[in-house]
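Peer 1: Please read through the structure below; I'll follow up with questions.
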Amino acid sequence: MLVHAHPDDEATATGATMARYCAEGASVSLVTCTSGELGEVIADDLAHLRGNPDALGEYRRGEISAALAEFGEVRHHWLGGPGRFRDSGMAGEDGNTASGAFAAADPAEVTRAMVEILRAERPHVVVTYDEHGGYGHPDHIAAHRAVMTSLDPAADPDYAPELGEPWEVPKVYWTTLPRSILKRVEEAGVEGFEPYTVPDEELTAMVDGRDFHSAKIAALRHYRSQVNLDDGEFFAQLVLRPEFALEHYLLVRGDRGPGVGPNNWEPDLFAGLS
């Protein structure tokens, strides 16, 4: 089960992982926390969506439906239901504290909504962002918090028993990037790439999704409101490189399974689980 903040985040950060596990017959589910109502609309033919958060949110809900089909069978949940929690905008913007903003939502309500999904899906592996949200976006940080504060309540039989039987998630990962990628991207001449990274030796797992790179790209092409892979800009350069399908993770709960390679990275997020 993967938990992401907005439509398109799942494809960007974990699309190859999702496609690979769908192909291998694993049960794959996705929780999206907001509809991305405050995203920047880049396609000129969609200009009518600019400045219209409700219309953009509805449009992006359609985009994600088409994108997920590129991966295979993915069970999709909107946290709290479609539109319940709204895009908070970038850090420091007025949307951070606006009515309905996910970043400012009642923690008890968020936990209850997440616990209900965790107990329904009963995942063996949960993936979300690190405590920085990958690059500091308030909704990514809120998604991280939503997962991490819901794990213990989901396993507690005394917490909201009406939400289903308790479930303890065996393994929890944060999606992140290895420090070495900065050097590789710099050598490739791509500028402006400054996300949070983790020293390679501290990472736990690397899912090789190169066989599913095309599915990841195809999914991103459905996000016309947010992504243009043909403009030659920084993001397009990065996406089209094969290493964009090598997706890295840090295990934060559960037992580490057998690893391979110089850093002993798990090649499978289910490594060590029976």
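The values are calculated or read from the model by the stated rules, or taken from the named source; none is laboratory data. In this text the structure is predicted, and so the values were computed from the model without any measurement. Glycine also receives a Cβ, built like all others from the backbone with ideal geometry; neighbour counts cover every protein chain displayed. All accessible areas refer to the heavy atoms of the entire protein, side chains included, with ligands and DNA or RNA removed. Shrake-Rupley method; radii C 1.70, N 1.55, O 1.52, S 1.80 Å.
Peer 1: With every protein chain kept in the model, how would you rank R224, R119 by accessible area, 1.4 Å probe, largest at the top?
Peer 2: Details: R224 95, R119 10 Å².
Descending accessible area places them as R224, R119.
Peer 1: Now a separate question. Loop-only check: which GluC sites (Glu not before Pro) in the stretch 44-135 are DSSP coil with at most 15 other Cβ within 10 angstrom?
Peer 2: Details: sites: E58, E63, E70, E73, E93, E109, E116, E121, E131; in loops: E70, E73, E93, E131.
For GluC sites (Glu not before Pro) across the stretch 44-135 that sit outside H, G, I, E and B with at most 15 neighbouring Cβ atoms in 10 Å, the list reads E73, E93, E131.
Peer 1: Would you kindly derive the ³J(HN,Hα) couplings of the stretch 60-66 from the backbone phi angles with the Karplus curve 6.51 cos²θ - 1.76 cosθ + 1.60 (θ = phi - 60°), listing them in order in whole Hz, with x for Gly and Pro?
Peer 2: So the J values, rounded to whole Hz, are 5, 5, x, 4, 5, 4, 5.
Peer 1: In the neighborhood of M206, defined by Cβ-to-Cβ distances under 9 Å, what is the net charge if each Lys or Arg adds +1 and each Asp or Glu adds -1? Working shown, then result.
Peer 2: Values: positive: none; negative: D208, E247, E266.
So the surrounding residues net to -3.
Peer 1: Right, something else. Pull up all non-local amide H partners of L2: gap of 5 or more, or a different chain, and H-to-H distance under 5 Å with H placed in the peptide plane.
Peer 2: S29, L30, V31, V127
Peer 1: Testing the spin-label approximation: label points 7 Å from Cα along Cα→Cβ at A55 and S214. State their distance in nm.
Peer 2: 3.7 nm
Peer 1: Ok, one more. Just read off the accessible area of D156 with the full protein assembly in place, 1.4 Å probe, to the nearest 10 Å².
Peer 2: Surface accessible to solvent at D156 totals approximately 60 Å².
Peer 1: Net charge near D106: determine it from the other residues with C-beta under 13 Å of the C-beta of D106, scoring Lys and Arg +1 and Asp and Glu -1. Display every interim value, and only then the final one.
Peer 2: On the way: positive: R84, R112, R145; negative: E109.
Neighbourhood net charge equals +2.
Peer 1: Given a 1.4 Å probe and heavy atoms of the protein chains only, how would you sort S180, S214, S150, largest accessible area at the top? It would help to have the intermediate numbers written out before the result.
Peer 2: Numbers: S180 40, S214 85, S150 0 Å².
Correct descending sequence by accessible area is S214, S180, S150.
Peer 1: For E131 and S180, calculate 0.36 nm times their separation in residues minus their Cα-Cα distance, and state this gained length in nm to one decimal.
Peer 2: Details: separation 49, 0.36 × 49 = 17.64 nm, distance 2.03 nm.
Extending this stretch completely gives an extra 15.6 nm.
Peer 1: Can you work out the Karplus-derived ³J(HN,Hα) for every residue in the stretch 19-35? Use 6.51 cos²θ - 1.76 cosθ + 1.60 with θ = phi - 60°, whole Hz, and x for glycine or proline.
Peer 2: 5, 5, 6, 4, 5, 7, x, 6, 7, 10, 10, 10, 10, 10, 8, 9, 8
Peer 1: Given 0.36 nm per residue, what is the gain on full extension from R122 to A104 after removing their alpha carbon distance, in nm? Working shown, then result.
Peer 2: Values: separation 18, 0.36 × 18 = 6.48 nm, distance 2.72 nm.
Gain in length upon complete extension: 3.8 nm.
Peer 1: Same structure, new question: Which FRET efficiency, nearest 0.05, do A23 and H76 yield, Cβ-Cβ r, R0 25 Å? Let's see the in-between values first.
Peer 2: Values: r = 18 Å, r/R0 = 0.71.
Between A23 and H76 the formula returns 0.90.
Peer 1: Enumerate the residues in the stretch 202-233 having an amide nitrogen under 16 Å from the point lying 7 Å beyond the Cα of A69 toward its Cβ.
Peer 2: 215-216, 218-224
Peer 1: Among Y21, Y135, what's the order by accessible area (1.4 angstrom probe), most exposed first? Each step should come with its number before you reach the end.
Peer 2: Working: Y21 15, Y135 120 Å².
Putting Y21, Y135 in descending order of accessible area: Y135, Y21.
Peer 1: I've got another one for you. Treating the beta-carbon of each Lys and Arg as +1 and of each Asp and Glu as -1, no other charges, what is the dipole magnitude of the chain about its Cα centre, to the nearest 20 debye?
Peer 2: Details: 22 positive and 46 negative charges, 80 e Å.
It works out to roughly 380 debye.
Peer 1: In angstroms, what radius of gyration and Dmax does the stretch 115-274 have, counting Cα atoms only?
Peer 2: Every Cα atom of the stretch 115-274 included, Rg and Dmax give 17.6, 54 Å.
Peer 1: Can you give me the distance in nm between label points at S274 and D158, each placed 7 Å from the Cα along the Cα-to-Cβ direction?
Peer 2: 3.0 nm
Peer 1: Applying the Karplus parametrisation 6.51 cos²θ - 1.76 cosθ + 1.60 with θ = phi - 60° to the phi angles of the stretch 145-151, what ³J(HN,Hα) value in whole Hz is obtained for each residue in order, glycine and proline being reported as x?
Peer 2: Whole-Hz 3J(HN,Hα) from phi for the stretch 145-151: 5, 4, 5, 5, 8, 9, 5.
Peer 1: Would you compute, from DSSP H runs of 4+ residues alone, the mean residue ellipticity of the chain at 222 nm, taking -39500 (n - 2.57) per run and dividing by the full residue count, rounded to the nearest 500? Spell out each step's value before the answer.
Peer 2: Details: 8 runs with 86 residues, N = 274.
Value at 222 nm, helices only, nearest 500: -9500 deg cm²/dmol.
Peer 1: Once you list every other residue whose beta carbon is under 11 Å from the beta carbon of E243, what net charge do they have if Lys and Arg are +1 and Asp and Glu are -1?
Peer 2: Working: positive: R184, R210, R241; negative: D208, E247.
For residues surrounding E243, the net value is +1.
Peer 1: Taking a label point 7 Å from the Cα of Y196 along the Cα→Cβ vector, which residues of the stretch 26-48 have an amide N closer than 12 Å to it?
Peer 2: none
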